[in-house]
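Structure first, commentary second.
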Amino acid sequence: MATRPPKSDPVQDAPRTGEPKHAAAGLPAVVHSLKIAQEQMGVRRTALTLLRVNQKDGFDCPGCAWPEPAHRHTAEFCENGAKAVAEEATLRRVTPEFFAEHSVADLSDKSGYWLGQQGRLTHPMYLPEGASHYEPVTWERALGIVAEEITALDSPDEAVFYTSGRTSNEAAFLYQLFARELGTNNLPDCSNMCHESSGSALSETIGIGKGSVLLDDLYRADLIIVAGQNPGTNHPRMLSALEKAKASGARIISVNPLPEAGLERFKNPQTPQGMLKGAALTDLFLQIRLGGDQALFRLLNKLILETEGAVDEEFVRAHTHGYEEFADAARKAEWDETLAATGLAREEIERALTMVLDSKRIIVCWAMGLTQHKHSVPTIREVVNFLLLRGNIGRPGAGVCPVRGHSNVQGDRTMGIFERPAPAFLDALEKEFGFAPPRAHGFDVVRAIRALRDGEAKVFFAMGGNFVSASPDTEVTEAAMRRARLTVHVSTKLNRSHVVTGARALILPTLGRTERDVQDGGEQFVTVEDSMGMVHASRGRLAPASPQLLSEPAIVARLARRVLPDSTVPWEEFERDYAAIRDRIARVVPGFEDFNARVADPAGFALPHGPRDERRFATATGKAHFTAAPVEHPELPEGRLLLQTLRSHDQYNTTIYGLDDRYRGITDGRRVVLIHPEDARELGVADGSYVDLVGEWRDGVERRAPGFRVVHYPTARGCAASYYPETNVLVPLDATADTSNTPASKSVVIRLEAAPAPRLEQSATD
Ligand SMILES: Nc1nc2c(c(=O)[nH]1)N[C@H]1C(S)=C(S)[C@@H](COP(=O)(O)OP(=O)(O)OC[C@H]3O[C@@H](n4cnc5c(=O)[nH]c(N)nc54)[C@H](O)[C@@H]3O)O[C@H]1N2
Ligand SMILES: Nc1nc2c(c(=O)[nH]1)N[C@H]1C(S)=C(S)[C@@H](COP(=O)(O)OP(=O)(O)OC[C@H]3O[C@@H](n4cnc5c(=O)[nH]c(N)nc54)[C@H](O)[C@@H]3O)O[C@H]1N2
Ligand SMILES: [Mo]
């Protein structure tokens, strides 16, 4: 029935399995997305809302950060974008009555799925110290409580200001401005758990932490390598771009431990022919072992070096640094070692090499499969080496393409949401606003958790997101949050971070992308930056979920006035009219000159990118850097598996839309572990049996995720897969990537212990 949330709580679920699919999208995708949308929004609102997604006068899809094409279809969204929109535009509501009915203890026994399904938050809510229930509170009082706790701190560095990646440029700019005027760089964000490794590797080697291709480049490429990414689920609109690229002559290699349906065959729902037959996308599938990518690219680099005329010597001479040292290291790469690290056959790598040598223009796309390992930064640096060797940076149809997650995660970073801001950015802030921003680096996500755990941070403020569920080592993180004096969440939907709280807690409900934002200065719009550095406007049209909601910029502006009464920053003006914020962004952030005028173009504008635009590299030497790190790959002790924690088709990070993973053939449950049949045989676990996943890490602490159904699945040998966030309990806080400090959530060593099948009290759907 429309708009009724599920009654039962499938904390313990009963997954069923079938055959994995070999094609993505098509009619089932349309049917499925409309079903979920209509359950949340009803029929009329579904039609009205979905037609505005990614249109020139509409709102930016809150799904992923994949760019929109210049010529847009009427339905410029995908199945999972439709689910993201439905989740926000739902007609269900979480009201003060709901909180009166459910104690915090009661809510903390519910699953994340149940919490999210209850609907949109309508009122600011306050949990006083020692209270069992949240109670409604005025905005005045709520912001007063935050001010009280911040003012009571010994140092502004005892406060932490987290950001998730949906926050607009305008809100993000104000938020970092507030934190820095207060005196701290404690601005961790979801990027720390996401593409931080990409940013670290790229800034060091090409002088800018962002991708170097635009959408059109994909259509000009000869070869596109998609490594460590599952676009069929996480960036479905990318499949249309890959289809078009193929039609223009590109070939595609996918590198992944799992055969992902979207990469095999894509049934474009926007064309009748696509609906019926679909197009095969992948020309070569390299079923690599988890963490084997650095070894693979290193060997390819050696083979390129050994091929007469394969290196673009002119490019290397004119634009790069460190070639000799890198080439010496690469020449030492060994076949045997590479085959062991990757699990690939020699012929497969030789085929890949032939395709590489046949291609003048190459793009490498990647996502979490490359960024969430201990050696992610050297892995991505090896990808850069690979592209530099043949001059594939700064020419049309070629380049690096880290595919971002959250729809404005890249923009938030551009706006200064970063715990290690560049001195030039701080200088510009100082010049514009006349206060001295702090220079010492702040906490990233992992360091923030340690600081909370150790009592060094006392106030935790989140602009969106679901920190306790998204972060690693769930038990450690939850205990850390509980030690805080105050936890505050600016949120649209209920989630676990609202029920695992500090001594006092606040929930501040806010507008989503889809909603109209009217301030004293009139109706406002905000701006976002996509994965390819295009900036454009986003305008919500729906009536807000509740009259009590404030926009994110308004919340920050009001908070700043309460906490910093002597501030000379014109916070009131910023709240009145976001154009005033954009004027300041234009003066502080390079590339945003004349922002207000340029964002009037519905197509938006491209931010400058030195390597892409003119082969200009803002590194210490002014050149692109080859690097020569030792090759690493995860060690797997006897009788153990390497677990990656990934997304199902029915979730958006910690937001669970439903209990199916259609492409992988899983229904009605999420507690599954995908294991190669041969590994399962050796470990003695039958298909359909139940196991506990037990983490093994050098600290000797037992980390256990109980009750997972074993699914025999064609993954790479030794490599298991399970969904996040249920398995975050297994990811040790200290197991992070070198340099970027990103949790290594794609390489967790586990053993399996037999467990009883779950006894279900109620079915998930009654
Ligand atoms: N519908 C939907 N869309 C989303 C999200 C969502 O949750 N739902 N999340 C958004 C966010 S924040 C992000 S960051 C992106 C995430 O997008 P993805 O990175 O595609 O997400 P994951 O599900 O983590 O998938 C990781 C992929 O990498 C592969 N992989 C894992 N380890 C390795 C490895 O060592 N080597 C190689 N070559 N491959 C590996 C996995 O098999 C899987 O295909 O999606 C964004 N879009
Ligand atoms: N084990 C493991 N852990 C991971 C990952 C993994 O692959 N494996 N992936 C990591 C990655 S890539 C990421 S990006 C992080 C995600 O970490 P987060 O960004 O912190 O988590 P989300 O689940 O995206 O946050 C969802 C919540 O955001 C709020 N929200 C939604 N829209 C809005 C809005 O417009 N404004 C505001 N203020 N709030 C809003 C809602 O209340 C919702 O409950 O998780 C990371 N954690
Ligand atoms: Mo992400």
Three-way shape label, the range 30-188, alpha-carbon gyration tensor, a/c 1.5: oblate
Neighbourhood charge, 12 Å Cβ-Cβ cut-off, centred on residue 468 and excluding it, Lys, Arg +1 and Asp, Glu -1: -1
How do 388-394, 568-574 rank on mean C-beta neighbours within 10 Å, highest first? 388-394, 568-574
Starting from the coordinates of the alpha-carbon atoms of the range 570-628, obtain the Kirkwood hydrodynamic radius over all distinct pairs and give the value in Å to one decimal. 14.0 Å
As a test, work out the antiparallel percent of DSSP beta bridges whose residues both lie in the chain, rounded to the nearest 5. 40 percent
What shape does the range 413-542 take by its C-alpha gyration tensor, where a ≥ b ≥ c are the square roots of the eigenvalues and a/c under 1.5 counts as rounded, a/b above b/c as prolate, and the rest as oblate? oblate
Can you give the log10 of the normalised intensity I(q)/I(0) at q = 0.11, 0.16, 0.21 Å⁻¹, computed with Debye over equal Cα scatterers of the range 588-698? -0.78, -0.91, -1.20
At q = 0.15, 0.18 Å⁻¹, what log₁₀ I(q)/I(0) does a Debye calculation on the Cα points of the range 124-178 give, no solvent, two decimals? -0.62, -0.86
Expressed in whole Å with the largest first, what are the equivalent ellipsoid semi-axes of the range 305-405 derived from the C-alpha gyration tensor as the square root of 5 times each eigenvalue? 21, 19, 15
Cα convex hull of the chain: mean projected area in nm², to one decimal? 29.5 nm²
At 7 Å along Cα-to-Cβ for each site, give me the label-to-label distance between residue 699 and residue 346 in nm. 4.4 nm
In µm²/s, what is D for the range 675-718 at 20 °C and 1.002 mPa s, where D = kT/(6 pi eta Rh) by Stokes-Einstein and Rh is the Kirkwood radius from Cα pairs? 188 µm²/s
Which order do the peptides 630-639, 522-531 come out in when sorted by mean C-beta neighbours inside 10 angstrom, highest first? 522-531, 630-639
Give me log10 I(q)/I(0) at q = 0.12 Å⁻¹ for the range 534-621, Debye formula, one equal scatterer per alpha-carbon, no solvent. -0.56
Kirkwood calc, the range 159-282, C-alpha pairs only, radius in angstrom 17.2 Å
Give the list, by residue number, of cysteines in the chain with no other Cys Cβ closer than 4.7 Å, or say none. 61, 64, 78, 190, 194, 719
Helix-only [θ] at 222 nm, the chain, -39500 (n - 2.57) per DSSP H run of 4+, per residue, nearest 500, equals -10000 deg cm²/dmol
How would you classify the range 183-229 from its alpha-carbon gyration tensor, with a ≥ b ≥ c the square roots of the eigenvalues: rounded for a/c under 1.5, else prolate if a/b is greater than b/c, otherwise oblate? prolate
Could you give the length gained on full extension between residue 109 and residue 51, defined as 0.36 nm per residue of separation minus the Cα-Cα distance, in nm? 17.1 nm
Size of the range 365-476 along its principal axes in angstrom, Cα-based, largest extent first? 50, 43, 24
How would you order 40-52, 366-378, 555-567 from highest to lowest mean count of nearby Cβ atoms within 10 Å? 366-378, 555-567, 40-52
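Read-outs throughout are calculated quantities, based only on the coordinates presented, and are distinct from any laboratory measurement. No experiment lies behind these values; they were computed from the predicted model shown. Every residue, glycine as well, gets a Cβ built from its backbone with ideal geometry; the counts of neighbours run over all protein chains shown.
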